[in-house]
1. Hand me the chymotrypsin sites (Phe, Trp or Tyr not before Pro) from the stretch 1-43 located in a DSSP loop with no more than 10 other Cβ atoms within 10 Å, in residue order please.
2. Where does helix 70-86 land angle-wise versus the long Cα axis of the chain, in degrees 0 to 90, nearest 10?
3. In percent, how large is the relative contact order of the chain, given Cα pairs closer than 8 Å and 6 or more residues apart?
4. Please list, short to long, the whole-number percent of alpha-carbon pairs of the stretch 26-72 in consecutive 10 angstrom bins beginning at zero.
5. If you count only protein heavy atoms with a 1.4 Å probe, what accessible area per residue comes out for the chain, rounded to a whole Å²?
6. Using only protein heavy atoms and a 1.4 Å probe, report how much of residue 34 is accessible, in Å² to the nearest 10.
7. With the full set of protein chains in place, find how many percent of the accessible area of the chain is carbon and sulfur; take the probe as 1.4 Å.
8. Using only the Cα atoms of the chain, what semi-axes does the equivalent ellipsoid have when each is the square root of 5 times a gyration tensor eigenvalue? Give whole Å, largest first.
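The values are calculated or read from the model by the stated rules, or taken from the named source; none is laboratory data. What you see is a predicted model; the values in this text were computed from it and never measured. Here Cβ is always computed from backbone atoms with ideal geometry, including for glycine, and neighbour counts include all displayed protein chains. The accessibility values were calculated without ligands, DNA or RNA, using every heavy atom of the protein model including side chains. Shrake-Rupley method; radii C 1.70, N 1.55, O 1.52, S 1.80 Å.
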Amino acid sequence: KSSSTNNGAFSIGLANETGNSVAVQLSAFHFQATEHNTEFLWASYSATSIKLKDGRSTLVLNDSVYSGVRAAVLARMSGHAAGYIDNLPPLG
């Protein structure tokens, strides 16, 4: 996502299994860049400066807590799952 010609943001998520638990690691980044162009006589110079901010979170599913609400989550989400999958863009 870019909000102008000199800054933007992106995020990355990774799901894996850690110690028999599902874990999701999320990282978010924001960048801001400036470019300076200078001409002196017959030579031109350019310089770019980039500031990068980042943040990370790791979420681990607590299966003992989730097991108490698993049926309710399944009942609520099952009606939306097919429509969500149908609206995903094709791969490749």
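1. Listed in order of number, the matching sites are 42.
2. 50 degrees
3. Relative contact order, the chain: 22 percent.
4. The distribution over the stretch 26-72 is 18, 21, 18, 15, 11, 9, 6, 2, given as percents.
5. Per residue, the chain has 89 Å² of solvent-accessible surface.
6. 60 Å²
7. Ligands and nucleic acids excluded, carbon and sulfur give 59 percent.
8. One finds semi-axes of 45, 18, 10 Å for the chain.
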